[in-house]
There are 2 protein chains.
Amino acid sequence: MVPILIAAICGVLGLVVAAFMAAYVLKQDPGSERIREISDAIKEGALAFLGHEYKILAAFVVVVAVVLGVVPNLGWLVSVAFVFGAVCSGLAGYIGISIAIRANCRTAAAAQKSLNQGLRVSFRSGAVMGMCVVGIGILGLSILFFVFHNDPNFLFIIPGYGFGASSVAIFARVGGGIFTKAADTGADIVGKVEKGIPEDDPRNAAVIADFVGDNVGDIAGMGADLFESYVDSIIATMTLGMIAAFSAVLGKALVPDMATAWFLPMVVAAGGIIASIIGIFLVRVGGKAEMGALLNALRRGTFSAAILTAIFSFLAVYFLCGTQGYGINIFWAILVGLVAGVIIGESTNFFTSYAYKPTLNIAESAQTGGGTLITTGFANGLMSTIPPVILVVIAIIVAHHFADIYGIAIAGIGMLSTLGIQDATDAYGPVADNAGGIVEMSDLPPEVRQRTDALDSLGNTTAATGKGFAIGAAGLTALALLLSYTQAVGIKLADISLLDPRVIAGIFLGVMLPAIFCAMTLNAVGKTSFSIINEVRRQFREIKGLMEGTARPDYSKSVTICTTAALKQMLAPGLLTIISPVIVGLLLGPLALAGFLVGAIACGFILAITFANAGGSWDNAKKWIETGAFGGKGSDAHKAAVIGDTVGDPMKDTSGPSLNIMIKLMSIIALVIAPVLAGFPGLL
Amino acid sequence: MVPILIAAICGVLGLVVAAFMAAYVLKQDPGSERIREISDAIKEGALAFLGHEYKILAAFVVVVAVVLGVVPNLGWLVSVAFVFGAVCSGLAGYIGISIAIRANCRTAAAAQKSLNQGLRVSFRSGAVMGMCVVGIGILGLSILFFVFHNDPNFLFIIPGYGFGASSVAIFARVGGGIFTKAADTGADIVGKVEKGIPEDDPRNAAVIADFVGDNVGDIAGMGADLFESYVDSIIATMTLGMIAAFSAVLGKALVPDMATAWFLPMVVAAGGIIASIIGIFLVRVGGKAEMGALLNALRRGTFSAAILTAIFSFLAVYFLCGTQGYGINIFWAILVGLVAGVIIGESTNFFTSYAYKPTLNIAESAQTGGGTLITTGFANGLMSTIPPVILVVIAIIVAHHFADIYGIAIAGIGMLSTLGIQDATDAYGPVADNAGGIVEMSDLPPEVRQRTDALDSLGNTTAATGKGFAIGAAGLTALALLLSYTQAVGIKLADISLLDPRVIAGIFLGVMLPAIFCAMTLNAVGKTSFSIINEVRRQFREIKGLMEGTARPDYSKSVTICTTAALKQMLAPGLLTIISPVIVGLLLGPLALAGFLVGAIACGFILAITFANAGGSWDNAKKWIETGAFGGKGSDAHKAAVIGDTVGDPMKDTSGPSLNIMIKLMSIIALVIAPVLAGFPGLL
C-alpha cells in the first residue's frame, strides 16, 4: 500500500508544479490589444474544435462502454475503468491546451522584453502539459488500485483504463493532426503559392486556423499520445508482473510477489516525475541568452532528469525486489530502456537537422527539382530507421537477458520515465510558433520576430528529438502490451509457432495495416485542405479590399470548415484501428491476433520513423535554403523545397505520430478482449 | 525418372518454340538505314553494359563459389550447383536481350505496315524471353537431378542452383534498374525540363542510354527476376517435400514418397510450359486490329494458359499422388495459388490504370501542385496493398488447410506455372517502347508513331499486371523458401515461438531491411542520374550546333558514364542483401534468422506493391493529363505530374521490383547455409 501512496503523492506533486507553472504564466502581461485580439481568436477556435471533438468522443466512449459492459467475460467494471481512462486523458489534454492558448500572447509580449523571458513563459506553459500528463496518469492508476485491487478480476479491469486513454489519443492525434496540416497546407497553397503573400499574413483567411491547428495537433494531440504511452507501459508491466505472480504460465517467478509487480512500475514512474520536476527547474539561462545557451539549458534539464531517474530506479528496485526473483537485474532492464530512449531521440536530430549531412544533401538535391528532392528526402527517412531499430533490438535482447519478458515491459517504463520533462520541451514549441505568428500579425518590430523565430527553431529541434523518443517508447510499450496480451489470453511460449500459417497470415495482415492507416490519414489531410483552399480562395474573391488590406477576412469561417472536415475525416482511420484487432481475433483466433500485432508494431514503427524523419528533413532543407543557400527564398530550389515541405507536413505531423498511438491502441484492445478470446479458435 | 524426363522434354520444347520465335523475328525487315543505325547504337550500348555487368558477376560468382566450397557442411558440390544456377540465369537473360535489341528496329519497320504486324514482331520477341526463362530453368533443374540425385546430400545441393540464379537476378535487376531510371530521369530533366525539347529527341545525348536502359532493366532484369522466382519456387517445394518424405520433422507424411516430392513440382511446372506455349499461339488478332482487340488477344492467351495449367496440374496430382498422402487435396493448393496470382495481377491494373478512379484522382490533385499529387499517389500506393495481402493470406490459409506447409510451397508453383506467357507479355513492352523511340528519331510519318504508341500503351497495361503477378509470386516463393529453411535447419514448429525475444528482434531487423534497401537503391538512381545530367548539359554546352540540329551528340559517352555509375551503385544494395541473412544467422542464431525472414518478406511485399503501384499511377496520371485533361501538356498540372513521374520512376522500376528478388534471395541464402546453422546458437 505504501508504495502506491508514494506514487499518488508524486502524482499530486506533479500537479502542484503544473499549477505553479500555470499561475506563473497567467500572471504575465498578455500583451497589447492587437495581440490579445489575435490570441482570443485562436483561443476561441481551439476551444470550439476541442468542444466538438469531445462531444464526438463522448458519444464514442458511451457506445464502447456499453459494449464492454454487456460482453460476457468483460463486464461493467471494465467499462468504468475505460470511461475513467478516457476522462483522465481528455482532462490532461484540456488543461494543457487551456494554458497553451493563454501562453502564446504572453510569450509574444515577453519576447518584446528579451529572448530569455520568452523562453521562460513558453517553456513553463509546456511544463504544465508535461506535468499534467504524468500527474493525472499516475494519480488515475493509483485511484484504480485503491478502488479495485481486491476485485478478483482486477487484472482484466486495469487495461480498460489504458484502452480509454488510447481511444481518446487516437482521435485527438488524428483529428488534431488533420486539422493542423490541412490548415497549414491550405494557408500555404493559397497564400504563399497562389497570392504570393508571406507566411502568417493577416490577409490570409486560413492563418488563424493554422495557429489553432498548432494547439489542437501539436499540444493536445502530442499530450494524449504521451499520456497513452505512459499509462500503457505501466499497465503492461503490471499485467505481466501480476500474471507471473498469479500463475505458472511462464514457469518461473519473475518478481517476488503480486504486490511488487504492482508497486515497482508505479514507483519507478513516480521517481521519473520527481526527476522531471528537478530537471524542469534546471532549465534556466543567464541574462544575455543566445541560441546555444538555450539549447544547452534544455539539454541540461533532460539529461539531469534521465540520470536522476536512473538513480531513483535503482533505489526502487533495491528496496522493492531486493535479492528475490530477478532482484537487482531488473534495474539493468530499466536502464537499457532509458539509455535507448535518449539515443533514439538524438539520432532523430542527426537525420533531420540542417547541421548534418543528410538534410544538407536533400537541400542540395532541390537544385534538380522537386522530384529529386522528394526522392532524396524519402530515402533519408527510410535510412533513418537504422538507429532506432538497432537500439530497440538491443533493448529487447538485453532487457530479456536480465529479466525475461518482464524485463522488456519494464524497459518501456524506463524509456518513458522522464516523460514529464520530455513532454514539456515538446509542448513549448507550438506555443513559441504561435507567438511568432502573433508577432507577425501585430506589426511588432523585426527583432521581436527574430526572437520568436529563435524560440521556434529551438522548438523544432526539441520536437524532432521528442518525436524520436515518442516513437521508440511506442514501440517498446506496444511490445510489452502484446506480451501481456499473450499471457492474459493464456498462450504459452511453445503454443505460438512463428510457422503456424495463422500466425504468418496475421503478420502479413498486421504489416499491411499501418500502410492503410497512413493512406487514409494522408488522404484525410488532402480532402480537408481542399475544403480550406476553396474557402480561402472564395474569401479573396468575394471580400472586397481584402488583398489591399482594407478589409479583414472571416477567420472563424475557415476554422469552422476545418473543424467540421477534420472531425469527419478522423473517424475512418480511428475506427479502422479499433475494429481491426477485434475482427482478426474473432475471425482467425488469438494466435493470428498475436502475429497481427507483431507485424503491425514492427511495420508501424518503421513507417512512423520514416514519415517523421523524411518530413522533418524536408522541412529543415527548406529552412536551410531560406537562409540563402542554393539561391535562397524565391529561387527554383526553394520552390522545390516547398513541394517537399507540402509532402512532408502530413507525413510528419499527422500520419507518422498517429502510428505511435495506433500500434499501442491495437495492442491494448487485444489485452482488453483477451478474456473473450481465451480458448476461442477463431470463426474461420 | 520418367516424370523428370517429361519435364526435361517440355523444357526442350520451350526452347524450340523460343528458337522458332527468334527465327521469325530475325527474318523480318530490319528497316531503313537510319533505323538500323539507331538500333545498332542501342545494341552496342546494351551489350557493352551486359559485358561489364557479367564480368563483375563472374568475379562475384567465383568468390562465393570458393567460400561455399571451403565452408564446412556445404562443400564443392553446392559450389557447382551455384555456378550452374548463375550461368543458367545469365544465359536466359543474354538470349532474351539479344533478341530484344534486334526486334526493336524490326518492330519499328513492321509498324510502318500495320499495327497487327508490329504487335506480332514485338510479342514474338517477348515470347523468346519467356520461353528461354522457363525452358532453361526446368532443363537446368532436370540436369541437376540426373547428375546428383544419388548423392546423400542432394537436398542441400539443389538450393545452390537457386542461390546462383538469385545472385545474378539481384545484380541484374538492381544494376539494370539503376541504369534505366538514371538514363530516363537524366534525359527528361535536361531535355524536357531544362531545354524544352520533346521526349526521345535525337539532340539529347542521353536518349540512346534511355533506350539501352529499357533493354537492360525491363528485359534482362525482369527475366532474371522471374527466372529466379520460377526455379526457387520449385526448389522450395522439392526441399519441403523431400524433408517430409525423409524425416519425421513434421510428424506426418505430406507426399507418398521422395520421388513424388521431386516429380510433382517439376511436372506441374512442365504442364505450365505447355499451357504457355498454347497460350502464346492464341495471341493473334485479325486483319484490322485496334487496341481493344490487341488487349483481348493478350488476355485470351494468358487466361487460356491459366485454365490449361489447372487441368494439367489436376492430371499431374491425380497420377503422381493418387489417393496417398494428401492426394488430390494438393491440387486445390495449386489452384488457389494460380487463381490468387491472376487476381493480384488484375488488382494492380485497377490501382494504376487511368481507366479507374484512383489514378484519375491523382491526376486531379495535380491542379493544386506537385506536393498534393505526390501525397495522393503515395497514399494510393499504400492503399493498393489491400488486395494482394488479402489474397496471399487466403492462399496461405487455404493451401495450408489442404496440404499443410507443403501446400503453401506448391501454391507458389501454381502461381508461377503460367510464367512462360506472363513473361512474354511483359518483355514485349520494352521492345515496343524502343521501337517508338526509334520511330521518333527516324522522322517517320506520325501514324507510325501512333501505332508504336498504341503498342507501348498496351505494354504498360500488361507490365502493370505482370508486376503485380511478380510480386505476388515473390511473396509466396519466399515464404516457401523460409519454410524449407526452417525444416532444413531442423526447427520444429513448437521450437520457434513468436514470443522468443530473438524472434521478435529478428522480425524488427527484417522489417527494417527492405526500408534500407529501398533507400540505397533510390539514392543510387539519384547519384547515377546526377552524372548523366552533368554529361548531357556538358554536351549541350560544348558541342556546337547541337541544339540547332546541325551536329550529333556523343551518345556512347553517355552510355559509358551510365554503365560505370550504375554498376558501381549496384554493389552496395546487392551485397547488403547477401550478407544480412548470414550476419543475422551467425550473430543471433537460426531462430532469429527465421524471424528476420518473416519480417523482411512481409515488409518487402508491402513496400514492393506500394512502390510499384504508386509509381505506376503517377506515370499514368501524367499520361492522362497529356491526353488533354486539366490543361494538358505544358499546363501547371502537367508540370506537377512530371514531378510525380520523376519520383515514381525509380520506385516502380528500380527499388520496387528489386525487392521481389531481395526477399527471395535472402530466403534462399538461409536455406543454403542451413547445414552450417543447424544446432548453432548464435554468437551473441
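Points to keep in mind about this one:
- Residue satisfying condition, being in a helix (DSSP H, G or I) and touching a Gly at 6+ places or on another chain (Cβ under 6 Å), within set A:Thr461, A:Thr465: A:Thr465
- Apart from one condition, B:Val431 fits all of (1) more than 9 Å from chain A (Cβ to nearest Cβ); (2) surrounded by fewer than 24 Cβ atoms within 10 Å (Cβ to Cβ); the exception is (2).
Yes/no per residue for (1) under 30 Å from A:Leu155 (Cα atoms); (2) of a type outside the set (Val, Ile, Thr):
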site	(1), (2)
A:Ala629	no, yes
A:Gly644	no, yes
A:Val647	no, no
A:Pro657	yes, yes
A:Ile669	yes, no
A:Leu677	yes, yes
A:Leu683	yes, yes
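- Matching residues, segment B:587-626, being among the aromatic types (Phe, Trp, Tyr) and within 11 Å of chain A (Cβ to nearest Cβ): B:Phe596, B:Phe605, B:Phe611, B:Trp618
- Just one of the listed residues (B:Phe314, B:Phe351) is in a helix (DSSP H, G or I), within 14 Å of chain A (Cβ to nearest Cβ) and touching a residue at least 12 places away in the same chain (Cβ under 8 Å), and it is B:Phe351.
- Scanning segment B:373-399 for residues that are at the interface with chain A (Cβ under 7 Å from one of its Cβ atoms) and free of Cβ contacts under 8 Å to residues at least 60 places away in the same chain yields B:Thr375, B:Thr376, B:Ala379, B:Met383, B:Ile386, B:Val393, B:Ile397.
- Scope segment A:16-27; condition surrounded by fewer than 20 Cβ atoms within 10 Å (Cβ to Cβ) and part of a helix (DSSP H, G or I); matching residues: A:Val16, A:Ala19, A:Phe20, A:Ala23, A:Tyr24, A:Leu26
- Restricting attention to segment A:476-490 and to residues that are touching a Leu at 6+ places or on another chain (Cβ under 7 Å) and within 8 Å of another protein chain (Cβ to nearest Cβ), the residue that is nearest to A:Pro590 (Cα to Cα) turns out to be A:Thr486.
- Some residue of segment A:396-403 being under 25 Å from A:Ala602 (Cβ atoms), open to solvent by less than 10 Å² (accessible area, probe 1.4 Å) and under 20 Å from the mean Cα position of the chain (by Cα): no
- Matching entry among A:Met651, A:Met662 (being touching a Ser or Thr at 6+ places or on another chain (Cβ under 7 Å) and either under 25 Å from A:Gly468 (Cβ atoms) or open to solvent by less than 10 Å² (accessible area, probe 1.4 Å) (or both)): A:Met662
- For segment B:652-673, the criterion of being within 14 Å of chain A (Cβ to nearest Cβ) and over 30 Å from B:Leu587 (Cβ atoms) is met by at least one residue.
- Among all residues of segment B:374-395, there is none that is at positive phi and not in a helix (DSSP H, G or I).
- Only one of A:Gln539, A:Gln569 that is away from every other protein chain (no Cβ under 11 Å), touching a Lys or Arg at 6+ places or on another chain (Cβ under 7 Å) and either assigned to a helix (DSSP H, G or I) or closer than 24 Å to A:Ala464 by Cβ (or both): A:Gln569
- In segment A:248-268, the condition of being at pLDDT 85 or above, in a helix (DSSP H, G or I) and among the hydroxyl-bearing types (Ser, Thr, Tyr) is met by no residue.
- Against the test of being part of a helix (DSSP H, G or I) and among the acidic types (Asp, Glu), the options B:Asp188, B:Asp200 yield a single qualifying residue, B:Asp188.
- A:Glu364 vs. criteria assigned to a helix (DSSP H, G or I) and either more than 24 Å from the chain's Cα centre (by Cα) or among the aliphatic types (A, V, I, L, M) (or both): yes
- On inspection, A:Val511 qualifies as facing chain B (nearest Cβ under 7 Å), crowded, with 24+ Cβ neighbours inside 10 Å, part of a helix (DSSP H, G or I) and at negative phi.
- Residue, surrounded by the most Cβ atoms within 10 Å (Cβ to Cβ), within segment A:28-63, restricted to residues that are within 23 Å of the chain's Cα centre (by Cα) and β-branched (Val, Ile, Thr): A:Ile42
- Within segment A:407-424, the set of residues being more than 17 Å from A:Val598 (Cα to Cα), open to solvent by less than 10 Å² (accessible area, probe 1.4 Å) and in a helix (DSSP H, G or I) comprises A:Gly407, A:Ile410, A:Ala411, A:Ile413, A:Gly414, A:Met415, A:Leu416, A:Leu419, A:Gly420, A:Ile421, A:Asp423, A:Ala424.
- Of all residues making up segment B:488-500, the number that are in a helix (DSSP H, G or I) and surrounded by fewer than 24 Cβ atoms within 10 Å (Cβ to Cβ): 3
- Index of the failed condition, A:Asp495 passing every other in (1) more than 21 Å from A:Ala608 (Cβ to Cβ); (2) away from chain B (no Cβ under 12 Å): (2)
- Residue in segment B:549-560 that is open to solvent by 40 Å² or more (accessible area, probe 1.4 Å) and touching a Lys or Arg at 6+ places or on another chain (Cβ under 7 Å) present: yes
- Within segment B:364-388, the set of residues being among the hydrophobic types (A, V, I, L, M, F, W, C) and buried (at least 24 other Cβ atoms within 10 Å of the Cβ) comprises B:Ala366, B:Leu373, B:Ile374, B:Phe378, B:Ala379, B:Leu382.
- In the condition set (1) farther than 28 Å from A:Thr180 by Cα; (2) more than 24 Å from the chain's Cα centre (by Cα); (3) among the hydrophobic types (A, V, I, L, M, F, W, C), A:Val12 is compliant with all but (2).
The values are calculated or read from the model by the stated rules, or taken from the named source; none is laboratory data. For clarity, every value in this text was computed on a predicted model and none was experimentally measured. Counting neighbours? That spans all protein chains shown, and the Cβs are built from the backbone with ideal geometry, glycine included. Keep in mind that these areas ignore ligands, DNA and RNA; they rest on the heavy atoms of the full protein, side chains included. Shrake-Rupley method; radii C 1.70, N 1.55, O 1.52, S 1.80 Å.
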